[in-house]
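Input: a single structure, listed below in structure tokens.
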Amino acid sequence: MNRINNEILEKVLQVLEEEFELERDQLTPDVNLFEDMELDSLDAVDLIVALEKLFGIRAEEERAKEIRTIRDVVSFVEFSLNQNSKSKRAFSKP
């Protein structure tokens, strides 16, 4: 199992609870958002938009399409934060 960033996980769980009215006790890192939680493609778009706002990230569409589990969501956010950080450093160099 991959380690999971608990700070990001907590925020993702909060979004899933508040935006999609999912029960916290059912939200484990490996739960499938589409099969187990019955989210659909419109929900996936709403989730990405909520994550972009919450974390100040810009989502890569191809990478977002790979999301299936909560663990995938956390990895996606970590990747996006890292990409944003790299972009900012590239633009701030003299």
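Here volume of the Cα convex hull per residue in Å³ was calculated from the structure, and among [x] 102; [y] 82; [z] 142 it sits at label [x]. Packing, as the average of other Cβ atoms within 10 Å across residues, places the peptides 18-30, 47-59 in the order 47-59, 18-30, highest first.
What is the magnitude of the charge dipole of the chain about its Cα centre, with +1 placed on the Cβ of each Lys and Arg, -1 on the Cβ of each Asp and Glu, and no other charges, expressed in debye to the nearest 20? Show your work: numbers first, answer last.
Numbers: 13 positive and 22 negative charges, 220 e Å.
For the chain, the charge dipole is close to 1060 debye.
In plain terms, the chain from E66 to L42 could stretch by 7.1 nm, reckoned as 0.36 nm per residue minus the Cα-Cα distance. Peptide packing for 32-39, 8-15 was compared via the average number of neighbouring C-beta atoms within 10 Å per residue; ordered from the highest value, the list is 8-15, 32-39. Can you tell me the orientation of helix 6-20 relative to the chain, as the angle in degrees between its alpha-carbon axis and the longest Cα principal axis, to the nearest 10? Value to nearest ten degrees: 60.
Entry note, the chain: the mean residue ellipticity at 222 nm calculated from DSSP H runs of n ≥ 4, each adding -39500 (n - 2.57), is -19500 deg cm²/dmol after division by the residues and rounding to the nearest 500.
Counting only alpha carbon atoms, the long axis of helix 41-55 and the longest principal axis of the chain meet at about 50°.
Bear in mind that the values in this text are calculations on the coordinates, not laboratory data. These figures come from a predicted structure and were not determined experimentally. Because the Cβ atoms are built from the backbone with ideal geometry, glycine has one as well, and the counts that use them run over all protein chains shown.
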